[in-house]
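Chemist: Encoded as C-alpha cells, here's the structure I'll be asking about.
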C-alpha cells in the first residue's frame, strides 16, 4: 500500500516526498504490518501507528531515555531508530513485559521500592533495567548507576531505581 | 488508623509500570489530526509576512493556523487571565503579529499524521520586522522597578515584608558582619513528559481536552475565557501528569493552539511540543541576591538585610518573596528587605519547585555559613544560637516547629560531630572532602477544596476531586485517608481526579494539596457517616437508635458505637433498611484561618562533597535531609518526595543553567543534553528522616505537605560543603568545574 506523496506535490519549492514503506515488526511477539514514512521513528510507529503508548517521548533526540525499548534483545532509544531499518525485528515494549497477568520482577520491584513518581520515564527505566540485567555487566550499585545514566528521571527517583534493580537482580539470579 | 502513616505502595503503580497510564498525548482518538508548532526566531518585533503556501501544498496537510486566519479569540486581557496569572497583560498565543520572545508560537501546521505536520512546519516561512531586544539581566539591573513592601502581613504575600527595627544602625554597630552577593541562573523545569494536549472535537461541537497540567479547572476556565466558550462546552482531563514542578500551574500555549485548530477544523487535534519548544515556556527567574548579616560576638544575629533582583517578561510581573525567608527564620531584631524586578524580552518567569525558598534560602544559608566562619563558630551551632520559636516577621508562635529535632537527628545520622571545622582539612584518597549544612523552610498552606464520596452497599467507595497527581502520590494518599475514614480496605476505594467536571480543587502546587484534600476527605466522610447513621437508625430495634452523630465510627464495613463496640449496624443493613444502594456526599472544606499561629515546615540538610581539585569535579556523595512536616501520610511516597527534592537541589547546586545568547535573545542549550539535569550516576547516598511533629491545630490530621521542602536548603548545604572542602566560596550557581578551577 505504498502511497507516493510525490504526485500531490504541486508546490514549486516543496521538496518531493519519498514513498511510504510497508514493514513488519514483531512487537511483543505479535507480527504487526504497518506502512510508514522513511523518517518515521520506531517511537512514533509504536505510539501513533500501533497505539503502544507505554513507550514515552521525552526529547526525540536520544537524550532522555524515556523511549527505551528492546530491539532483538538490545536496549535502544526508539526515537533514534528509523522504523524502516527494523523490518523483521523483534521489539519488546513495556506492554510486553508482564506475562499472563504477572508483572516482570523489574516491574514489581519498581512498585515495591517506589522507584518512580510521575511515572513518565518509568517504562524507559524498566526496559533499560531489564536489558541491564541481561547484559550482566553491572555488579555494584555504582555500575548500576553508571549503566542506567541514559535514562533521566526528573522526579529524582534514582536511589529507588538502583534499589529496585538490585532487588530484581537478586530475584532473577543475577548478581548482585 | 490502618493506612495513614504507612509505607503503602502507590495505587496507580501498576498502571505506571505496565504502560497503561495514559498521559495527555496518549488517548486513542478516532480521526485524529496532528499539529506541529512553528516558533519565532526573533525575540522582539512584528511578523511582517507568513508564507504558508509551501506547507499547504504538502499532501496530508489540512490547514495552517496563524494570527491571520485563526478563529475568534477574546480581545481583552481578562479573557487570558488564568487562576494563578501574575499582574500584567497575559500572553495571547497566535493572537496578533507581535513577537514578545524567542520561541513564541507563530503558526500551527495541522496534518493527517505527525510526520507530515512536522515536515510541513519546516516549510512555513516567516519574515519579521525585528526590534531591539534585551535579555541580559546584568544590563538592566540599574533600571529595575522597585516592588513596594506589603502594607501589612499577608496583604501581598509576594511583596517584600515590612522592615523591622533599624538594620542599618544595627549593622554599623555589629561586632561581626558578613556581606555577600549570590546569584541563581534561569532554570527550566524539564518534566520528562513533553507539554501536550489532545483536543477531541465532540459531535455536539464541545471540546474534551486531555492536557498536561497541574490544574484541570484552571485550564478549563482559561480555555473558556480565551475562546469565549460557555463553561459546559469545555471539559479538561489530566488523569496522569508526567511531572510538572510548577510549569503546569498556568495553562501552556499548546492547549490554546490545539483547541483553536479543533474549532477551526471541527476535527480532533493533538499538539505535542518539542523539548526545545519547552524552553519557550516559563522558568525559574534568574536572580541576584545581596545579603548582609550583623552579629554579636556570641553569634546572635543583630541585623539582616536581604535584597533581591529577579527577572520577568516585558508583559507580566512575576515575582515571589525571596527576601522574606531571611526575616522569618532566625531570631533577629532588625531586618530590611528590597526586591527589584527586571523586565526582559523573554517569556514570563514562573513558579518552580519551592519558588522563592529554593533561591532565597539558598542565599541566606550560604551567608549564614560565611558568618559562622567569620565568627569562628560551627555552622550548626550558629543556627542553634539564632533559633526562633516564633515567626520573626509575623511575631507569632508556630502551630508546630520541630526544627531543633531535625538538626539533632540530621547531625547524628550524618556524623556532623566528626567534622574538622578547618576548610581543606578533610581528604578521601586524592579528593578533598567537605561537609556543609543548611536549614530549609517552607509554608504549610491549605486551600478550600471540595470532595465527593459515593459509598455503595457492597462497601466500595469512590472518592473524587478535580485535583491532580503530578507524581506526588495524590491518588494514593486520597485512597489511604478515605479507607481509614470509611473503615474500608484500601482495595475497596477508587479515586477519581484530574477531571474538570469533578468537585472543585485549586491547582496542585505550593505543597497544599495533601493537607487540603485529606482534610476534605475527613469532612466528607463525616457527612457520609452521619447519613449512614440516619439510615442505621431505621433498622428495626436499631442498636444505634439513641447514638449521637459523633458517637459512631465506621470500621470493617460497619457503623460501631464508640462507647459500646457491641452495638453496630453493617453498611449493607443500614442501606437496605433505608431503601438505598448507595449514598453520596459532597462537601467543600475550608480550614478556618488561624491568625494566632504561623504554619511552616522545616528541614536540616547535611551534605558531603568530594572534590577532585585537579579536574574541578564535584560529587555529592552523601546527603541527610531531616524534615519536620507534621504527620506523614505515606512514608514511602513522602520519602520519594524528599529524595526528589534533594536530587533537584543537587541539580541546582551543580548542573542547571539555561545559557542565553543575548545577541539573539535565545536559550542556547534548549535541550536536555546541554541543559544538565542530574542523572543516576550523579546521585549517591541520600537519607531522608522525618522527625515527629504532632500538630493538633493545623487541620484534622495534622498534615503540612512535602512537595517543596525537600529542595530547600540543599543547594546551600552543597555550596557550603564545597567551601569546606576547597576553601573556595562560589556564590553563583551552578558550581561548575570552571569555577572550582579558577
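A short reminder: the numbers here are calculations on the coordinates, not readings from a lab. Because the structure is a prediction, the values reported are computed rather than measured. All Cβ positions, even for glycine, are placed from backbone atoms using ideal geometry, and neighbour counts span all protein chains on display.
Chemist: Rounded to the nearest 5, what is the percent of antiparallel bridges among the DSSP beta bridges in region A:6-96?
Modeler: 90 percent
Chemist: For region B:440-503, what does the relative contact order come out to in percent, with C-alpha contacts under 8 Å and a separation of six or more? Walk me through the numbers before you get to the answer.
Modeler: On the way: 84 pairs, mean separation 24.3, N = 64.
Relative contact order, region B:440-503: 38 percent.
Chemist: Same structure, new question: Beyond 25 Å, how much of the Cα-Cα pair distribution for region B:314-429 remains, as a whole percent? Please report the intermediate quantities before stating the final value.
Modeler: Details: 2550 of 6670 pairs.
Result: 38 percent of Cα pairs exceed 25 Å.
Chemist: In addition: Calculate, for residue B:555 and residue B:596, the FRET efficiency according to 1/(1 + (r/R0)^6) with r their C-beta to C-beta distance and R0 35 Å; round to the nearest 0.05.
Modeler: 0.50
Chemist: Still on this structure: So what's region B:1-68 giving for Cα Rg divided by 2.2 N^0.38 Å, two decimals?
Modeler: 2.05
Chemist: Still on this structure, I have one more. For region B:639-718 and region B:95-111, what is the centre-to-centre distance using only Cα atoms, to the nearest Å?
Modeler: 32 Å
Chemist: When the chain is fully extended, how far beyond the present Cα-Cα distance does residue B:204 get from residue B:738, taking 0.36 nm per residue of separation?
Modeler: The residue B:204-residue B:738 span can extend by a further 186.2 nm.
Chemist: Work out the mean other chain Cβ neighbour count within 10 Å for the residues of A:142-154 and drop it here as an integer.
Modeler: 5
Chemist: Where Rh is the Kirkwood radius over the Cα pairs of chain A, the temperature 25 °C and the viscosity 0.890 mPa s, what D in µm²/s does Stokes-Einstein return?
Modeler: Reported coefficient: 143 µm²/s.
Chemist: What share of all Cα pairs of region B:546-641, in percent, falls into each consecutive 5 Å distance bin?
Modeler: Taking every Cα pair in region B:546-641, the percentages come to 2, 8, 9, 10, 10, 10, 10, 10, 8, 6, 5, 4, 3, 3, 2, 0, 0.
Chemist: What distance in nm separates the simple spin-label points at residue A:146 and residue B:563, each placed 7 Å from Cα in the Cβ direction?
Modeler: 7.1 nm
Chemist: Per the Cauchy relation, a quarter of the hull surface: what is the mean projected area of the convex hull of the alpha carbons in region B:89-219, in nm²?
Modeler: It is 15.3 nm².
Chemist: Something else: Kindly provide the pair-distance distribution of region A:105-171 built from C-alpha pairs, with 5 Å bins from 0 and whole-percent values in order of increasing distance.
Modeler: 4, 20, 36, 28, 11, 2
Chemist: At 10 °C and 1.306 mPa s, what whole-number value in µm²/s does Stokes-Einstein give for the translational diffusion of region A:6-96, with Rh from the Kirkwood sum over Cα pairs?
Modeler: Details: Rh = 13.7 Å.
The Stokes-Einstein estimate is 116 µm²/s.
Chemist: Cα convex hull of chain B: how many Å³ per residue?
Modeler: 165 Å³
Chemist: What share of the DSSP beta bridges in the protein assembly as shown is antiparallel, in percent to the nearest 5?
Modeler: Antiparallel: roughly 75 percent of the beta bridges in the protein assembly as shown.
Chemist: For the protein assembly as shown, place one equal point scatterer on every Cα, skip the solvent, and apply the Debye formula. What is log10 of I(q)/I(0) at q = 0.08 Å⁻¹?
Modeler: Result of the Debye calculation: -0.77.
Chemist: How many Cβ atoms of partner chains, on average, are near each residue of B:50-61 if near means within 10 Å of its Cβ?
Modeler: Across B:50-61, the average partner-chain Cβ count within 10 Å equals 4.
Chemist: Related question: With contacts defined as alpha carbon pairs under 8 Å and 6 or more residues apart, what's the relative contact order of chain B in percent?
Modeler: 16 percent
Chemist: Once fully extended, how much extra length lies between residue B:72 and residue B:412, figured as 0.36 nm per residue of separation less the alpha-carbon to alpha-carbon distance? Before the final figure, lay out the partial values.
Modeler: Numbers: separation 340, 0.36 × 340 = 122.40 nm, distance 6.32 nm.
Residue separation times 0.36 nm, minus the Cα-Cα distance, leaves 116.1 nm.
Chemist: Further, regarding this structure: Taking the mean number of other Cβ atoms within 10 Å as a proxy for protection, how do you rank B:257-267, B:656-666 from highest to lowest?
Modeler: Answer by packing, highest mean first, reads B:257-267, B:656-666.
Chemist: Another question, if that's okay. Of the beta bridges DSSP finds with both residues in chain B, what % are antiparallel, to the nearest 5?
Modeler: Working: 102 of 134 bridges.
Around 75 percent antiparallel, to the nearest 5.
Chemist: Run the simple label-point estimate for residue B:538 and residue A:39 please: 7 Å along Cα→C-beta, distance reported in nm.
Modeler: In this crude label model, residue B:538 to residue A:39 measures out at 6.7 nm.
Chemist: Jot down the per residue volume, in cubic angstrom and as a whole number, of the convex hull over the alpha-carbon atoms of region B:1-157.
Modeler: Hull volume normalised by residue count: 256 Å³.
Chemist: At 0.36 nm per residue, minus the direct Cα-Cα distance, what do residue B:384 and residue B:580 gain on full extension? Give it in nm, one decimal, please. Can you show the working numbers first?
Modeler: Numbers: separation 196, 0.36 × 196 = 70.56 nm, distance 6.01 nm.
Gain in length upon complete extension: 64.6 nm.
Chemist: Something else now. Give, to the nearest whole percent, the P(r) tail of region B:256-367 beyond 17 angstrom, counting all Cα pairs.
Modeler: Of the Cα pairs, 64 percent sit more than 17 Å apart.
Chemist: Considering every pair of different Cα atoms, what Kirkwood radius, in Å, is found for region B:447-589?
Modeler: 15.3 Å
Chemist: If you take the C-alpha gyration tensor of region B:661-742, multiply each eigenvalue by 5 and take the square root, what semi-axes do you get, largest first, in whole Å?
Modeler: Working from the Cα gyration tensor, I get semi-axes of 34, 20, 14 Å.
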